[in-house]
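Novice: First, the structure itself, so that you have it in front of you.
The values are calculated or read from the model by the stated rules, or taken from the named source; none is laboratory data. Everything numeric in this text was worked out from a predicted model, so none of it was measured. Every residue, glycine as well, gets a Cβ built from its backbone with ideal geometry; the counts of neighbours run over all protein chains shown. These accessible areas exclude ligands, DNA and RNA; they are computed on the full protein's heavy atoms, side chains included. Shrake-Rupley method; radii C 1.70, N 1.55, O 1.52, S 1.80 Å.
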Amino acid sequence: MPDTAIVQTTPLEPCLDERKLAAALSGSHLIGGHLVPSVSGKTFPVVNPATGQQVAVAAEGDAADVDAAVADSARAQKEWARMPSRKRGALVAQCAGLIRTHVEEIARLIALETGKALRTESRVEANTVADVLEFFGGLGSEIKGESVPFAPNVLSVTVREPLGVVGAIIPWNVPLLLMSLKIAPALVAGNTVVVKSAEEAPLAVLRICELMNRILPPGCFNMLSGFGPECGAPLVTHPAVRKVTFTGSVPVGRIVAKAAAEKLIPVTLELGGKSPMIVFADCDFEKTVAGALTSMRFTRQGQSCTAASRIYVERPIFDRFVAAMAERVDAMVMGDPLDEATDIGTIISDDQMDRVKGFIAEGMATPGATGRACSAMPSAPELASGKFIQPHIFTNLPPDSRLVREEIFGPVTCIFPFDEAEAVLNAANDSEYGLAASVWTNNLKIGLEFAHRLEAGLVQINQNLVVQANLSYGGVKSSGLGKEASLESMLEHFTHKKTIMMNYA
Ligand code: ADP
C-alpha cells in the first residue's frame, strides 16, 4: 500500500441505497486491505447507463498503482501459500457467507452501474458469486498430487504448488461472476490475486473485494480500477505477476497473450463467441421458443459471449418459430434496471450503443433481409437519455453478412431456415469462434451426434444455461485458451506440478 494513502471506509452492514454505497466506494482501489486512491490522484466518472447521470468516480490506476498492488500481493502470497489449503478454502467459503448477506446491495449496485435489470440479471449474478466461492471453497483438499512408480527404493510423488501472484482482467458484462471464476480457484490454490476491473463497471467488483478483505489476510485479493492500456497492460507485464487470466475481446486477448508469451507465463483467455442454436422440427416447440429467449440472453441485452446470435430452425417450423419468438420478446418489459418489473435494461455505454446500432442499420439496409424491432422502448421521462436498444430479430441475411459473422454483443439475433442436418452443422461450424452451441431436438441420436461434431467448448441439448460451477467452461478457435469454473481448471491453470523424488535405498 502506498505510504501516503488516504484510507477510506464504507459501511459493513448491507447498504440498500445503491447511490450512497456508490459514493462511499468512489475513487478507490483496494490494496492491502484498504480502500486507497490512485497514486496520481486521478479518477474517471462512473455513469448510470439508464439515466446518463454520474453516480461515482473510480480511481484511475496506472503503472504506479499496479506496482503497489502487485508488491503487496507478492508479500502476502508467501504466507498465504503456507496456510493449509483446506483453511484457505474455508476462508473463501466464509467470504461466500458474507456476500450472501450483502446480495441485495451488490445486485442493486451492479444494476446501477451496468444497467442490467435487477430481477432478471443482477440479483442472479450476485447470488452466483456466492455459489462459486462456496464451490471452490470446498475444494481445498483437492490441491493434491500423485505418487508415481519410478524405481524400487525411490518414492516419487508430485505436489501441486501455486503460481504466485495472479493478474485477473475482467470485462463489464458479467463482471462479478467472471471475477469469481478467477479469484476463487486462484486463492484456494494458494495464489494471491490482483484484479483489474472493467472501466465501465468498477463499483460492485470493488464492494465484493472489500467484503472479502474483511475475511482474507491483507494483500491476498487486491483490486485496481482503470483503463486497459494504462492499468491492464502494466499488470500483465509486471515481472512479479506469474499468471494472467483474462476475459474480454479477441484483439485485447491477443495483446495479453503476446505480453504473457514475452514473459513466458501461462495465460487463460476467455474471448468472444458467435454461438449457434440449432432447432429441429421435432423439438418441444414451446420449450424451445422460451429457450431461444434465454439462449440469446435478451435480459442481458445480448451482451454475452454465449448469446445465441445465430439461430438455425428446420424449415417446417421456421415461420411459426420466428413469429412465436418475436411475440415472446414483444412481451418483455424494457425499463429502469432497478425496477422489479423490468426484464431488459440498458446497453452499457455510448460506444457500445453506436456499435450495436451500426450493426442494426447495416442489417436493415441489407437487400432482402428483414429486421424486426421487438418489445417497446421505455416511456418514463427520466429514462429518456438511457442507453436502450430494442431487441432485433433478423431473417434472410446472407451468410457472409457482418451480422452473421461478427460478435455484436447486443440484443440482435439472426434466424435462418435449414433443410438438411449436414448443411446446418457446416453452417454452425463456419465461424472463427467456438465458445458455445445448443441443439434442440427430441432425437437424442442426432442431438448427441451434433454435440460431438459442433466446434465449441460447451454444447447443450435442449437447454442453454450460463456457465455453472464445476462444469469446465471455455472456448476453442478464437474464443479462447484454457478452461474455467471446474476443479480441473483450478489445478491446470492455477497450480504447477512439482515432482519430488526420495531415494531411501
Ligand atoms: P470489451 O470490448 O468487452 O470492453 P476489452 O477486451 O476491450 O473488452 O476489455 C476487457 C478488459 O480488458 C477490460 O478490463 C479492459 O480495461 C482490459 N483491457 C483493454 N485493453 C487492455 C490492454 N491493452 N491490456 C490489458 N488489459 C486491457
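Novice: Over the range 276-468, what is the relative contact order in whole percent, taking alpha-carbon pairs under 8 Å and six or more residues apart?
Specialist: Values: 346 pairs, mean separation 54.2, N = 193.
For the range 276-468, the relative contact order is 28 percent.
Novice: For Leu487, what accessible surface area do you get with a 1.4 Å probe? Give it in Å², rounded to 10.
Specialist: Near enough 40 Å² of accessible area.
Novice: Once you have the alpha carbon radius of gyration of the range 327-450, what is it after dividing by 2.2 N^0.38 Å, with N set to its residue count?
Specialist: Against the compact-globule rule of thumb, the ratio is 1.23.
Novice: Grab the DSSP H runs of the chain that are 4 residues or longer, score each as -39,500 (n - 2.57), total them, divide by all residues and round the 222 nm result to the nearest 500 deg cm²/dmol.
Specialist: Rounded to the nearest 500, the figure is -11500 deg cm²/dmol.
Novice: Would you be so kind as to identify which of Phe246, Ser295, Gly368 lies farthest towards the positive end of the dipole of the chain, taking Lys and Arg as +1 and Asp and Glu as -1 on Cβ and the Cα centre as origin?
Specialist: Phe246
Novice: Quick one: Cα convex hull volume of the chain, Å³ per residue?
Specialist: Cα convex hull per residue, to the nearest whole number: 147 Å³.
Novice: Give, rounded to the nearest 20 debye, the magnitude of the charge dipole that the chain has about its Cα centre when Lys and Arg contribute +1 at Cβ and Asp and Glu contribute -1 at Cβ.
Specialist: That gives the chain a dipole magnitude of about 1340 debye.
Novice: Further question: Among DSSP bridges having both ends in the chain, what percentage is antiparallel? Round to the nearest 5.
Specialist: In the chain, approximately 45 percent of DSSP beta bridges are antiparallel ones.
Novice: A follow-up question, please. Rounded to a whole number, what % of the accessible area of the chain do carbon and sulfur atoms account for, probe 1.4 Å?
Specialist: After summing per-atom areas, the C and S share lands at 56 percent.
Novice: Rank Glu407, Glu270, Glu161, Glu455 by accessible area, highest first, at a 1.4 Å probe radius?
Specialist: Glu455, Glu161, Glu407, Glu270
Novice: What is the antiparallel percent of DSSP beta bridges lying wholly in the range 276-468, to the nearest 5?
Specialist: About 15 percent, rounded to the nearest 5.
Novice: Can you tell me how much longer the chain between Arg254 and Arg453 gets when fully stretched, taken as 0.36 nm per residue apart minus their C-alpha distance, in nm with one decimal?
Specialist: Gain in length upon complete extension: 69.0 nm.
Novice: A further question follows. So what is the accessible area of the chain per residue, in Å², with the probe set to 1.4 Å? Present the calculation step by step, with values, prior to reporting the outcome.
Specialist: Values: 19250 Å² over 505 residues.
Per-residue accessible area for the chain comes out at 38 Å².
Novice: Going Cα to Cα from Lys274, which lysines come in below 29 Å? Please leave out same-chain ones fewer than 8 positions away.
Specialist: Partners found: Lys116, Lys182, Lys196, Lys243, Lys258, Lys287, Lys357, Lys387, Lys445, Lys477, Lys483.
Novice: Sticking with this structure for a sec: Report the equivalent ellipsoid semi-axes for the range 228-276 in whole Å, largest first, defined as the square roots of five times the eigenvalues of the gyration tensor built from alpha carbon atoms.
Specialist: Over the Cα atoms of the range 228-276, the ellipsoid semi-axes are 21, 11, 8 Å.
Novice: If you put +1 on each Lys and Arg Cβ and -1 on each Asp and Glu Cβ, how big is the dipole of the range 276-468 around its Cα centre, in Debye rounded to 20?
Specialist: Its charge dipole is roughly 60 debye.
Novice: Show me the ranking of peptides 117-127, 176-186 by mean Cβ neighbours inside 10 Å, starting with the highest.
Specialist: 176-186, 117-127
Novice: Moving to a separate point now. Under a Cβ-Cβ cut-off of 12 Å, what is the net charge of the residues other than Pro14 that fall near it, where Lys and Arg count +1 and Asp and Glu count -1?
Specialist: -1
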